[in-house]
Amino acid sequence: MSKSVSTPLKVLFAPLVKVLKQRCGSDAVWAAAAPGRVNLIGDHTDYSQGFALPMGLNLYTLIVASPRRDGSDAIRILSTQEGDAILRLGCDESPMGDWTDYLRGVLTLYQRRGVQVPALDLVVGGNLPLGAGLSSSASLELCFAALIEAITGHELPVKERALLCQQAEHEFAGVPCGILDQFAVSFAKENTAMLLDCREQSIESIELPSHVRIAIVDSGVRHALADGGYAERRAQVEEAQEVLGKSLRDTHPETLSLLSDATIKKRAQHVVTENNRVQLFVAALGKGDIATAGELMYASHESLSRDFAVSCLELDTLVDAARDAGAIGARMTGGGFGGSMVAFVAHDKAKVFEMSITERFKAAGYGEPVIRWISAASGAQAWNWT
Ligand code: GAF
């Protein structure tokens, strides 16, 4: 548990503390925060043991909690963004097909480890947009996990906690995700990105360029990874690996000619080239060669759109507009099928970027895009609020 809550987070917590007081009559006793994640490069590589370069995002899921005072043996959840819910204690929960499944999964997995979670009132909220390709689900899982650990004193090593949350997502949300989101939300550090090696499950801190601003632009198209496209891509990658007899991480581009199915070949082509782009991107940042890093972002988007087919017209429009507005680099980020674009923009191009993106997006009939300038934030944590 960290010692004190930063002032910007205190401000974000304030409305949740108020809801807890108004609706449950209690003062907050514990609080937890988890960032979103933005992946700078390396998407759809994590479930074939590849590489990715995420960072924590200074947009958060927040929870405040107090012991339940009405004698009821359950967790009452109030949400500032979604409906209210009740979680039963002392037995496995079942998925309900809604946002509470992330909480049900995490609670069940701690209880299966023998962790005794007391009856609580919780308020869940924050400023991380939901379903925008910024890992709102992993952020919610890790926020709740950090809170449970702070309340019960049962602290897991960070990697184990991340893997527990990944398992909750598999079992309760039905999304066969890799480790990218849960690791990023857990291990994130201020001002740095993380080179994630998904085979070793290891992380190397990568310094972010100081002279670049990072924008997240929400396409407004809401993805639901449980809808099937994600699982289908994962199955296609697994099929490619089965035919080749090895992980795509260990596959050279020339070997891909052994894949006779054109779709499977394109999917594999994306993964193999994307792993290479992550390495080249990190090398370019290391040399201060931001122009090359930016071109790799554009190439990554092209590959995700053309070969992996997880982009959409709105995201393609945003990336084209970013290039025309002089952004250093831009790409969709995360699982795709909607969600957000991440862009590297020079300080002196920020205004032009905002204006051009907005104009192009509106002219295409997609409405006003939401543009956020973000920075790298630290991972999930919890505090005693009193
Ligand atoms: C989603 C998944 F949850 C991640 O595991 C990862 O595969 C990502 O899509 C694509 O890189 O966020």
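The range 1-69: which chymotrypsin sites (Phe, Trp or Tyr not before Pro) are DSSP loop and have at most 10 other beta-carbon atoms within 10 angstrom?
Of the chymotrypsin sites (Phe, Trp or Tyr not before Pro), not one in the loops of the range 1-69 has a Cβ with at most 10 other Cβ atoms within 10 Å.
What are the equivalent ellipsoid semi-axes of the chain, built from the alpha-carbon gyration tensor (square roots of five times its eigenvalues), in whole angstrom, biggest first?
Result for the chain: semi-axes of 35, 24, 19 Å.
When a/c reaches 1.5 or more, the comparison of a/b and b/c decides; with that in mind, is the range 231-322 rounded, prolate or oblate per its Cα gyration tensor?
Numbers: a/c = 2.79, a/b = 1.39, b/c = 2.01.
Since a/c reaches 1.5 but b/c is at least a/b, the shape of the range 231-322 is classed as oblate.
Rounded if a/c is under 1.5, else prolate if a/b beats b/c, else oblate: with a ≥ b ≥ c from the C-alpha gyration tensor eigenvalues square-rooted, which is the range 258-374? The partial results should precede the final answer.
On the way: a/c = 2.76, a/b = 1.30, b/c = 2.12.
It is oblate, given that a/c is not under 1.5 and a/b is not larger than b/c.
Relative contact order for the chain: what is it in percent, counting Cα pairs under 8 Å that are at least 6 residues apart?
So the answer I get is 25 percent.
Which of the GluC sites (Glu not before Pro) found in the range 240-348 are loop residues per DSSP with 12 or fewer other Cβ atoms within 10 Å of their Cβ?
Passing sites in the range 240-348 do not exist.
Hey, how much of the P(r) for the range 153-229 falls beyond 19 Å, as a percent of Cα pairs?
52 percent
For the chain, what does -39500 (n - 2.57) per DSSP helix run (n ≥ 4), summed and divided by total residues, give at 222 nm, in deg cm²/dmol to the nearest 500?
When only DSSP H runs of four or more count, the value is -12500 deg cm²/dmol.
When only DSSP loop residues count, what trypsin sites (Lys or Arg not before Pro) in the range 1-34 have their Cβ near at most 15 other Cβ atoms within 10 Å?
When the trypsin sites (Lys or Arg not before Pro) of the range 1-34 are filtered for loop state and at most 15 Cβ neighbours within 10 Å, LYS3 remain.
Please state the shape class of the range 137-293: rounded when a/c is under 1.5, otherwise prolate if a/b exceeds b/c and oblate if not, all from the C-alpha gyration tensor. Could you put the intermediate results ahead of the total?
Numbers: a/c = 1.81, a/b = 1.22, b/c = 1.49.
Oblate is the answer for the range 137-293, as a/c is 1.5 or above yet b/c matches or exceeds a/b.
Looking at the chain as a GNM with Cα springs under 10 Å, which of ALA284, ALA193, ALA31 has the largest mean-square fluctuation?
Fluctuation is largest for ALA284.
Test of understanding: in a Gaussian network model of the chain with alpha carbons linked when under 10 Å, which of ASP324, ASP101, ASP307 would top the mean-square fluctuation ranking?
Comparing ASP324, ASP101, ASP307 in the GNM, the peak value goes to ASP324.
Span-like helices, the chain: DSSP H, alpha-carbon axial extent 27 Å or more, mean Kyte-Doolittle -0.5 or greater, which ones?
262-286
How about LYS18: which aspartates and glutamates have a C-alpha closer than 18 Å to its C-alpha, ignoring those fewer than 8 places off in the same chain?
ASP27, GLU82, ASP84, ASP121
Which aspartates and glutamates have a Cα lying under 19 Å from the Cα of LYS246, excluding residues fewer than 8 positions away in the same chain?
Within reach: ASP46, ASP197, GLU200, GLU238, GLU254, ASP261, GLU274.
LYS351: which lysines have alpha carbons under 25 Å from its alpha carbon, excluding same-chain residues fewer than 8 sequence positions away?
Answer for LYS351, where 25 Å is the Cα cut-off: LYS362, listed by chain and number.
No value in this document is a laboratory result; all are computed from the given coordinates. On a predicted model such as this, the values are computed, not experimentally measured, just so you know. With ideal geometry, Cβ positions are generated from the backbone for all residues, glycine too; neighbour counts draw on all protein chains shown.
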